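These notes concern the structure reproduced below.
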Amino acid sequence: MAQYKLVKFTLNGKEVEKMVDVRASLTDMLRNDYRMTSVKKGCEVGECGACNVLIDGECFNSCIYLAVWAEGKNIRTLEGLMSEDGELSDIQQAFIDEAAVQCGFCTPGVIMSAVEILESGRDYTDDELRKLLSGHLCRCTGYENILRAVRKTLDRRLGKVNV
Amino acid sequence: MYDIKALYEAYSVEEAINLRLLHPDAQILAGGSDVLVQIREGKRAGKELISIYTIDEIRGISLDETESIRIGSLTSFSHITKNEIVQKYINVLGEAVDMVGSPQIRNIGTIGGNTCNGVTSADSASTLFSLDALVELTGKSGKRVIPISDFYIKAGTVDIKPDEIQTAIIIPKEKYSGYQGHYIKYAMRNALDITTTGCSVNVKLSEDKKTFLDVRIAYGVAGPIPMRAKNAESFIVGKAVNDENCKEFSKEVLNDINPRDSWRASKALRQHIAVELAYRAIKECVKLSGGEM
């Protein structure tokens, strides 16, 4: 018999609630119940990072996270980065400028990892950035352009280069 | 959707114990980065689950009145690495768990889940063996604390009674005070890989840094469960700190370990790696302790 539970949480700054099947992963809930289609279904075993979202400021693969665990949490997806007037955020624009997007399937997940890095407010070496981005598989770009996009956005936010 | 028969959620240790007794066939679910994947693969599909992930009382790291380090079982790997107590006293553990999976896995994976899985490749386990850690289990009649070497029974099986959950990992002061540790993970790639063989060493030198007062060395994937290399330990304790003794010590581990051939690596390769890792790890420990060779 199907088992349901009311799950209340904050999604991209807005308080939401819905009855959810307890067997659902957070990916299932975000895509099916809230139409957050930036959250991709890739490997579904926590290896590729395509479903990565921010939960209370930390990155999690939503495919191996139960939807019911979202109760009371602050969850952010790529959809939450866009400003009210529809402009892209600096990190999204950097991905375009550096050609860090090809097929785009891994992009939302990688950008959410980049958001966690950028919001930490500190600087990192390239090796540290590589390690922090290592939870994502990208079969198109070869990663160098992704690293460059994150590097440049980080440098700009830290005031190391002029905009 | 996961193929789950039923989900029971615990918000306190007491609730978890009651649920364990009420649903004896249910599988305990901590962070889920192993269990949920195995459900997806079909291995643990169709089972009842007791989710303990929401028990906040067994999350976090503290020093108790005897200055033993207490790590709540649900503490995530990334929180262990970032913790000040860990960085100050047992940095080797923070470094070891920083090699698990990927950043996202280190945010969801817990030290309790890592050890309760009973697998030899767990990156936390070899370091916990080399720290001589204790495991705290809580059941209906209260708490019991056992050495981690007794906690592991055989591959995939650990000593958790039907009414128990693991609630903490404890590292007593005498096991870390004055020691320096180093962990080396050997794997095919840096991220998202399972350890081919891992080696963790803790060393205590004499005051003049010329003698090994105590050495503890442990391996992951050198046998069916994580293990100490006791022959190597008894060889080196009391010996002078020099390159020759470290070399002999590393060869001695072959009398302790028992790796197997698997698709990941051959027995011969694992033996070769085990010797080299022991040598490099003990040398690093000497360096961290301020000794010279």
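For chain B, a simple Cβ point-charge model (Lys and Arg +1, Asp and Glu -1, everything else neutral) yields a dipole of about 680 debye relative to the Cα centre.
Enter the mean number of other protein chain beta carbons within 10 Å of the beta carbon of each residue in B:50-63, as an integer.
On the way: counts 0, 4, 0, 4, 5, 0, 0, 0, 0, 0, 0, 0, 0, 0.
Taking all residues of B:50-63 together, the mean is 1.
Please order B:His272, B:His79 by the number of other Cβ within 10 Å, starting at the fewest.
On the way: B:His272 14, B:His79 22.
Taking fewest neighbouring Cβ atoms as first place, the list is B:His272, B:His79.
Would you compute the Debye intensity of the stretch B:58-173 from its alpha-carbon atoms alone, equal scatterers and no solvent, and pass along log10 I(q)/I(0) at q = 0.12, 0.23 Å⁻¹ to two decimals? Computed log10 I(q)/I(0) values: -0.37, -1.42. A Förster radius of 30 Å, combined with the Cβ-Cβ distance separating B:Glu65 from B:Lys210, puts the computed FRET efficiency at roughly 0.30.
Can you pick out the pairs among B:Lys173/B:Lys247; B:Lys247/B:Lys287; A:Lys5/A:Lys73 whose Cα atoms lie more than 22 Å from each other? Beyond 22 Å between Cα atoms: B:Lys173/B:Lys247.
Mean per-residue shielding of peptide B:89-100 is 0, counting Cβ atoms of other chains within 10 Å of each Cβ. The mean number of partner chain beta-carbon atoms within 10 angstrom of a residue's beta-carbon across peptide A:18-26 is 3. Mind checking which of A:Val16, B:Phe249, B:Ile58 is farthest towards the positive end of the protein assembly as shown's charge dipole, using Cβ charges of +1 (Lys, Arg) and -1 (Asp, Glu) about the Cα centre? Of A:Val16, B:Phe249, B:Ile58, it is B:Phe249. Distance between the 7 Å Cα→Cβ label points at B:Leu288 and A:Thr37: 5.0 nm. Among A:Cys63, A:Cys51, A:Cys138, A:Cys43, the order by Cβ neighbours within 10 angstrom, fewest to most, reads A:Cys43, A:Cys138, A:Cys63, A:Cys51.
Label separation (A:Asp155 vs B:Lys43): 4.4 nm, computed from points 7 Å beyond Cα along the C-beta direction. FRET efficiency for the B:Lys173 to A:Glu87 pair, using the beta carbon distance and R₀ = 60 Å, is estimated at 0.60.
With R₀ set to 30 Å, the beta-carbon distance separating B:Asn255 from B:Lys154 gives a calculated FRET efficiency near 0.90. For the stretch B:139-156, the Karplus equation 6.51 cos²θ - 1.76 cosθ + 1.60, evaluated at θ = phi - 60°, returns couplings of x, 4, 8, x, 9, 9, 10, 10, x, 4, 5, 7, 5, 7, 9, 8, 3, x Hz by residue, with Gly and Pro reported as x. Ranking B:Leu288, B:Ala191, B:Ala274 by Cα position along the charge dipole of the stretch B:160-293, where only Lys, Arg, Asp and Glu carry charges on their C-beta atoms, puts B:Ala191 farthest toward the positive end.
With a simple spin-label model that places each label point 7 Å from the Cα along the Cα-to-Cβ direction, the separation between B:Tyr11 and A:Tyr4 comes to 2.1 nm.
Where in chain B are the DSSP H helices whose alpha-carbon span along the long axis reaches 24 Å or more and whose Kyte-Doolittle mean is at least -1.0? Provide the component values of the computation, followed by the final result.
Working: long enough: B:267-288 (31 Å, 0.13).
Flagged H segments are B:267-288.
What is the order of B:Lys43, A:Lys5, fewest Cβ neighbours within 10 Å to most?
Numbers: B:Lys43 10, A:Lys5 16.
Listed from fewest to most nearby Cβ atoms, that is B:Lys43, A:Lys5.
Readers should treat all values here as calculations from the given coordinates under stated rules, not as data from a laboratory. None of these values were measured; they are calculated from a predicted model. Backbone-built Cβ (ideal geometry, glycine too); neighbour counts: all protein chains shown.
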